[in-house]
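One structure is given below, encoded as structure tokens.
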Amino acid sequence: MYQALRHARTESVPIRTLRYHVRLWGDALPGQPPLVLLHGWMDVGASYQFVVDAFDAAFAAGRLIIAPDWRGFGRSRLPGPCDGYPFPDYLADLDQLLDHYADGTPVDLAGHSMGGNVAMMYAGARPARIRRLVNLEGFGLPATQPAQAPGRYAQWMDEIRQFERGEMALKDYDSADGVAQRLMKTNPRLDAGKAAWLARHWANEDAHGRWHIMGDAAHKIVNPQLYRVDEALALYEAITAPVLSVHASSGSLGRWGERYTLQEYLQRLAHVRDHRTAVVHDAGHMLHHDQPAQVARLIEDFVAAATPAG
């Protein structure tokens, strides 16, 4: 099994109506902004361990690195039943998380997939709070048309009923090894040692020895609201922090086919006033698992470029 090189500690932080489970590495020195790492859909904050381990010692020294579990993922669970997770809630959660850890100090922010989309939206809504932003495969979604709204709302109501009947329940496993096998099936580039380590942070064992993914099945219910590209572009245009957008050589946009292409995403990205791009080679969508050293170098080089001396 993979052995973590940098020890993490965890905290439970009151954020809005729930307690957020937060993983922390290192300690802050005066003048050193925190680095906040935001995970993607059906993932957990611990997913960044491989990248944190790959950071250069000089970069990690004196820097507080923060990786929360989003609401309904990992150990950040709501106090009662829930049948939906409106996307703006992630922005409000992040806003208060930064109140707790940064107290008005601009932070360096990196997000993967869903976390990258949250980071981009938040940086447009609260531009003064972000110093530098790294977006890892957070492309947004294909454009929609208003005519799709009736069908989308009907789908949402149907899926709530399916959820209530238990038809969306996540599969459980007879062992942590079973979870690891699932992770490797989803991502063939993930080696067995990393999969075994991730499995024990991605799932937990019940009293009967069954292993359950730590993600609320309600996340599978479709968002009733359409993705509005004009709103996304307005948020992009409001971002003042320099942005590094990173995509994998075999990333996630391929699944959209002609509905949404890398070229279309780059056209949207052009609305960010200060942006650049980079590619992580020999990697798929889970690029922070596939090539943690490449991802670590990109983050530290981009973030350290504007880090105050001393």
Filter the range 73-103 for residues that are touching a residue at least 12 places away in the same chain (Cβ under 8 Å), open to solvent by less than 60 Å² (accessible area, probe 1.4 Å) and assigned to a loop (DSSP other than H, G, I, E, B); the one that is nearest to Ala203 (Cα to Cα) is Gly74
The residue from Asp274, Asp282, Asp230 that alone is over 18 Å from the mean Cα position of the chain (by Cα), at positive phi and at pLDDT 95 or above is Asp282
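Do you know which residues across the range 257-278 are surrounded by 14 or more Cβ atoms within 10 Å (Cβ to Cβ) and either touching a strand residue (DSSP E or B) at 6+ places or on another chain (Cβ under 9 Å) or within 27 Å of Phe50 (Cβ to Cβ) (or both)? Explain how you work it out, then say what you get.
Step one: filter the range 257-278 for residues surrounded by 14 or more Cβ atoms within 10 Å (Cβ to Cβ), giving 260-262, 264-266, 268-269, 271-272, 275, 277-278.
Of everything in the range 257-278, those that are surrounded by 14 or more Cβ atoms within 10 Å (Cβ to Cβ) and either touching a strand residue (DSSP E or B) at 6+ places or on another chain (Cβ under 9 Å) or within 27 Å of Phe50 (Cβ to Cβ) (or both) turn out to be Leu262, Tyr265, Leu266, Leu269, Val272, His275, Thr277, Ala278.
Kindly indicate whether Leu266 is within 19 Å of Ala234 (Cβ to Cβ) and of a type in the set (A, V, I, L, M, F, W, C).
When the stated conditions are applied, Leu266 passes them.
Given Ser249, Ser245, which one is farther than 25 Å from Arg126 by Cβ, polar (S, T, N, Q) and in contact (Cβ under 8 Å) with a residue 24 or more places away in the chain? Steps first, answer last, please.
Details: Ser245 fails: farther than 25 Å from Arg126 by Cβ.
Criteria check complete, one pass: Ser249.
Filter the range 26-72 for residues that are of a type in the set (Phe, Trp, Tyr) and under 17 Å from the mean Cα position of the chain (by Cα); which is most open to solvent (accessible area, probe 1.4 Å)?
If we take residues in the range 26-72 being of a type in the set (Phe, Trp, Tyr) and under 17 Å from the mean Cα position of the chain (by Cα), then Trp41 is most open to solvent (accessible area, probe 1.4 Å).
Looking for whichever is within 18 Å of Ala199 (Cβ to Cβ) and out of contact with any Cys (no Cβ under 6 Å at 6 or more places or on another chain) here; the options are Tyr48, Tyr90. Which one fits? Give the steps one after another, and end with the answer.
Numbers: Tyr90 fails: within 18 Å of Ala199 (Cβ to Cβ).
Testing whether each residue is within 18 Å of Ala199 (Cβ to Cβ) and out of contact with any Cys (no Cβ under 6 Å at 6 or more places or on another chain) leaves just Tyr48.
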Every listed condition ((1) in contact with a Phe, Trp or Tyr (Cβ under 7 Å, 6 or more places away or on another chain); (2) more than 21 Å from Met121 (Cα to Cα); (3) of a type in the set (Phe, Trp, Tyr)) holds for Tyr265 save (2)
The range 125-211: helices (runs of 4 or more DSSP H) wholly inside it with 1 or more residues that are over 26 Å from Gly45 (Cα atoms) and open to solvent by less than 30 Å² (accessible area, probe 1.4 Å) are 149-164
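The values are calculated or read from the model by the stated rules, or taken from the named source; none is laboratory data. Everything numeric here is computed off the predicted structure, so don't read it as measured data. Here the Cβ is made from the backbone with ideal geometry for all residues, glycine too, and neighbour counts use every protein chain on show. With ligands, DNA and RNA removed, areas are computed over all heavy atoms of the protein, side chains included. Shrake-Rupley method; radii C 1.70, N 1.55, O 1.52, S 1.80 Å.
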